[in-house]
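*Asks:* This structure is in structure tokens; I'll ask about it shortly.
The values are calculated or read from the model by the stated rules, or taken from the named source; none is laboratory data. What you see is a predicted model, and the numbers here were worked out from it, not measured in a lab. Counting neighbours? That spans all protein chains shown, and the Cβs are built from the backbone with ideal geometry, glycine included. Side chains included, ligands, DNA and RNA excluded: accessible areas come from the protein's heavy atoms. Shrake-Rupley method; radii C 1.70, N 1.55, O 1.52, S 1.80 Å.
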Amino acid sequence: QFSQLVSSDLKVLGKSSYTLCSDGQLLIRQVLHPETSKKNFLLSDCFYSFYDLRKEFHTCYPSSATVKDHTIKTMAEYLGLGTDETEEDFGVWQVKTMVAIIFSMLSESCNHIFTEPETVKYKYETGPCSKSETVDSETVIRARGLPWQSSDQDIARFFKGLNIAKGGVALCLNAQGRRNGEALVRFVNSEQRDLALERHKHHMGSRYIEVYKATGEEFLKIAGGTSNEVAQFLSKENQVIIRMRGLPFTATQEDVLGGLLFVKYPDGRPTGDAFVLFSCEEYAQNALKKHKEILGKRYIELFRSTAAEVQQVLNRYMSTPLIPTLPTPIIPVIPPPYTIATGSIRDCVRLRGLPYTAGIDDILEFMGDATADIKPHGVHMVLNQQGRPSGDAFIQMKSADKAFMVAQKCHKKMMKDRYVEVFQCSGEEMNFVLMGGTLNRSGLSPPPCKLPCLSPPAYAAFQTAAVIPAEAALYQPQALLPTTRTPQASAAAPPAVTYYPAQAAQLYMNYTAYYPSPPVSPTTVGYIAAPPGAVAAAATATHTPILPQPGALVRMQGLPYNTGMKEILSFFQGYQ
């Protein structure tokens, strides 16, 4: 109605074009654009290019107050103009005063020229980001609480009215490569970023979104890339990107389409991920209808994706270290000052039948209010022989009563599309399963690594295993982080020594491993060889350490993906 009214008035004057001049930018950027976007209204072009009277006034009169301190009244007072606030109609005196201010600025004494309008981008532009770029920390925000299926275009719609930099939406992924409900967004300047922070706890659908300040380093860590292959793939601008997950390892380009990027490990093995470019939204929507259709013998997951997600997935897989030598046997690591519970007090619960995609966050959400009663570092996921989630988890509660209450409340409650069984158990039973045993209604079964039939009698190296000192078992958490070494450094490094606990001298088949995970921490698995501190501490011991001799290591390639330690030991049966 407003646009029609203005156009008809202009026709009477024999004119056709006009430009809006507003008192500040909030009404246009923070009200009209977001609201019309939610209601699927189209705004006319005049709302995408307008003049901010406060900015223009400050340019014309630099000695006046700062832009954000200006009001219509202060601008009028600065020019000595009177204001008649007795007008009853809404906004009339303000508009009349704005007209008087503009005429003063256009007068011969000032001769101000309106040349640089404020602009609102019509749509978000996608594009790659290089790690060598400089990103101003005053332009970046972190949005939290996003629906997991939201795309970069959905996030741009949430910030409609504000100008996001090209390729400035980076969806964050968790350790499993899945979206974690967070995104980093880069704006064209700090003014736009500050307006974005004002949208803290505004809604996207039925969810409110938290908006916080972030840094340029954080943005580059997520969105930056160095791969020429990725840059070439993303060089076609304004294409729609679809991510394919779960591809058979034998899938070829012909099975999918052109405009395709297969994600591979550094040694060229396929990861089962791929990204596909589509030239328009219609084609992408048709492609997404194939979500969970079968290719070969596997169903394929399809998601809308972003340039930043391509970079993240590539960065993650390309940084996966190739094992330069056969690794030393692994031991679970417990960061201080937390230790695994022992004893017969039934202050733990076991979750059985978890979805294989479930992470720590899913478990905490499943437990609801009871999360407040979990001990620090008390969530333990049980991994299978291949190091993947087995569907079991143990949780240490603050007391046996709390464990009983959780088991009563959560037993057979649904998580995603599966019901989960919850049983009360003791720290001793939990320990047993975490070390590879089984716990069922008929009682405990010993870990497979302790069965005598699996211990080759001639395996002398393991019979002389050293005892791990107690203080060496509890070392610094930074030991959990894998260190990346250059080939030159690793060549000069002294040989690693691994020490075993006395009660597990034959523990060379870790079927399951626990990993410490404080509530709401990233799900990380810590497997490392004994640290230098443990080596030094045990050097004085009388036990014989296991030292790999020069030329005594071999590397095996081409193993089946489900190979475990048991199969490797069986393969070398009879050799020491």
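*Asks:* Collect the residues in segment 139-187 that are assigned to a strand (DSSP E or B), at positive phi and crowded, with 21+ Cβ neighbours inside 10 Å, keeping them in residue-number order. Lay out the reasoning, then the answer.
*Replies:* Residues of segment 139-187 that are assigned to a strand (DSSP E or B), as a first pass: 140-144, 164-173, 179-187.
Filter once more, keeping what is at positive phi: 167, 181.
The one that is assigned to a strand (DSSP E or B), at positive phi and crowded, with 21+ Cβ neighbours inside 10 Å: Gly167.
*Asks:* Please work out which one of (1) open to solvent by less than 90 Å² (accessible area, probe 1.4 Å); (2) in a helix (DSSP H, G or I); (3) in contact with a Ser or Thr (Cβ under 9 Å, 6 or more places away or on another chain) is the condition Ile102 fails and give its number.
*Replies:* Single failed check for Ile102: (3).
*Asks:* Can you tell me which residue among Ser22, Ser107 is open to solvent by less than 70 Å² (accessible area, probe 1.4 Å), outside the structural domain of Phe158 (by the TED database) and out of contact with any helix residue (DSSP H, G or I) (no Cβ under 9 Å at 6 or more places or on another chain)?
*Replies:* Just a single option satisfies the conditions, and that option is Ser107.
*Asks:* Could you look through segment 195-209, keep only residues that are surrounded by fewer than 16 Cβ atoms within 10 Å (Cβ to Cβ) and among the charged types (D, E, K, R), and pick out the one that is modelled with the lowest pLDDT?
*Replies:* If we take residues in segment 195-209 being surrounded by fewer than 16 Cβ atoms within 10 Å (Cβ to Cβ) and among the charged types (D, E, K, R), then Arg207 is modelled with the lowest pLDDT.
*Asks:* Among the residues of segment 224-232, is there at least one that is assigned to a strand (DSSP E or B), open to solvent by 70 Å² or more (accessible area, probe 1.4 Å) and at pLDDT 70 or above?
*Replies:* Filtering segment 224-232 down to residues assigned to a strand (DSSP E or B) leaves 224-225.
With open to solvent by 70 Å² or more (accessible area, probe 1.4 Å) added as a condition, the list becomes none.
The answer is no, given that none of the residues of segment 224-232 is assigned to a strand (DSSP E or B), open to solvent by 70 Å² or more (accessible area, probe 1.4 Å) and at pLDDT 70 or above.
*Asks:* If the Cβ limit is 7 Å and pairs must be 6+ apart or interchain, which residue in segment 257-282 that is free of Cβ contacts under 8 Å to residues at least 60 places away in the same chain pairs with which residue that is of a type in the set (D, E, K, R) and assigned to a strand (DSSP E or B)?
*Replies:* Taking only residues 6 or more apart or on different chains, the pairs are Val263/Asp273; Pro270/Lys264; Thr271/Lys264; Gly272/Arg245; Phe275/Arg243.
*Asks:* Pairs please, first residue from segment 1-29 and over 16 Å from Phe47 (Cβ atoms), second anywhere and surrounded by 10 or more Cβ atoms within 10 Å (Cβ to Cβ) and of a type in the set (A, V, I, L, M), Cβ atoms under 9 Å, 6+ apart in sequence or on different chains.
*Replies:* Ser16/Leu10
*Asks:* Give me a count of the residues in segment 28-80 that are open to solvent by 50 Å² or more (accessible area, probe 1.4 Å) and closer than 30 Å to Gln4 by Cβ.
*Replies:* Result for segment 28-80: 11.
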